[in-house]
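Participant: One structure follows; several queries about it will come next.
What follows is calculated from the coordinates using simple rules that are stated; it is not laboratory data. These figures come from a predicted structure and were not determined experimentally. Cβ atoms come from the backbone with ideal geometry, glycine included; neighbour counts cover every protein chain shown.
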């Protein structure tokens, strides 16, 4: 009997496992967490797209990994001290030559418009303010349609952030990423253990499944370990290059 959480996306149930999850979009091929990275991931036929989430000074949500703009735009400034308009006025630097590109940091609303309803959006809660119940309510209001369709998951390295958002809407699945804990016992629906933990505890995946949880190893460059992951029975594969991973898994790209 499959005991996996009823909150997990039922729409994926008929698809082949392991599911394919793009890490910040196709982040090896385009600037991470940008529209082109998402579009390349969608073209590769991913089941899930993972992105990072912060809240701006004017309480808008943006898809961005760092607390500051420095690495992606080459200009200083904290996300939580700037408005959405100020953030989007700064172009993202090209990964190739360091010059300004035409891309801007995406808002959550823009990401929701890009990601089709057939692809699960996985939101990593980077901002510490997600532990605030009022911020959790604001986020779940923005995600209301996705939550109703069971096509969004919130995850974090910090359990309190994910649980605070879930408290605002108990229908939303939660996930925990961990670098150290070899036990799949935390009160979430999805587990993202750093991949060596699966060697430390070879029964991790089986144990997680008896508890009704999905497992997606934290391993955005997974190609050398795909056979091992399949043998373990992980539920999803994280990848920076979803098209290449899809080919290695024997999945055909979307036309």
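Participant: Would you kindly state how much longer the chain becomes between residue 221 and residue 13 on full extension, computed as 0.36 nm times their sequence separation minus their alpha carbon distance, in nm to one decimal?
Facilitator: Going from the current span to full extension adds 72.4 nm.
Participant: Across all directions of projection, what mean area in square nanometres is found for the Cα convex hull of region 140-199?
Facilitator: Reported value for the Cα convex hull: 4.1 nm².
Participant: Based on the alpha-carbon gyration tensor of the chain, what equivalent-ellipsoid semi-axes (square roots of 5 times the eigenvalues) come out, in whole Å, largest first?
Facilitator: Gyration-tensor ellipsoid for the chain: 28, 22, 17 Å.
Participant: Bin all alpha-carbon pair distances of region 79-192 at 10 Å intervals from 0 and give each bin's fraction as a whole percent.
Facilitator: So the P(r) values, bin by bin, are 13, 37, 33, 16, 2.
Participant: I would also like to ask the following. Just the number, please: percent antiparallel of the DSSP beta bridges in region 27-143, rounded to the nearest 5.
Facilitator: The antiparallel fraction comes to roughly 50 percent.
Participant: Only helical DSSP H runs with n ≥ 4 go in: add -39500 (n - 2.57) per run for the chain, normalise by residue count and round the 222 nm mean residue ellipticity to 500 deg cm²/dmol.
Facilitator: Estimated from H runs of four or more residues: -7000 deg cm²/dmol.
Participant: Assign one of three labels to region 41-125, namely rounded, prolate or oblate, based on the Cα gyration tensor with a ≥ b ≥ c the square roots of its eigenvalues; rounded applies when a/c is under 1.5, prolate when it is not and a/b is larger than b/c, and oblate otherwise.
Facilitator: Taking the square roots of the gyration eigenvalues as a ≥ b ≥ c, region 41-125 is oblate.
Participant: Relative to the longest principal axis of the chain, what angle (0 to 90°, nearest 10) does the C-alpha long axis of helix 159-168 take?
Facilitator: Computed tilt is about 80 degrees.
Participant: Along Cα→Cβ, 7 Å out, is where each label goes; now give me the distance between the ones at residue 83 and residue 252 in nm to one decimal.
Facilitator: 5.0
Participant: Follow-up. Going by average Cβ neighbours within 10 Å, how do the peptides 200-210, 104-114 rank, with the highest at the top?
Facilitator: 104-114, 200-210
Participant: If you don't mind, another one. Quick one: length gained pulling residue 66 to residue 148 fully straight, 0.36 nm per residue minus the C-alpha distance?
Facilitator: Length gained, residue 66 through residue 148: 26.6 nm.
Participant: Can you pull the one-decimal nm distance between simple spin-label points at residue 57 and residue 194, each 7 Å off the Cα toward Cβ?
Facilitator: Each label point lies 7 Å from its Cα, and together they span 3.5 nm.
Participant: Over region 104-189, what is the mean sequence separation of C-alpha contacts under 8 Å (at least six apart), divided by residue count, expressed as relative contact order in percent?
Facilitator: Answer for region 104-189 is 28 percent.
Participant: Okay, next question. Taking 0.36 nm per residue of separation and subtracting the Cα-Cα distance, what length does fully extending residue 211 through residue 167 add?
Facilitator: Full-extension gain reported as 13.8 nm.
Participant: Of all beta bridges DSSP finds with both residues in the chain, what is the antiparallel percent, to the nearest 5?
Facilitator: In the chain, approximately 20 percent of DSSP beta bridges are antiparallel ones.
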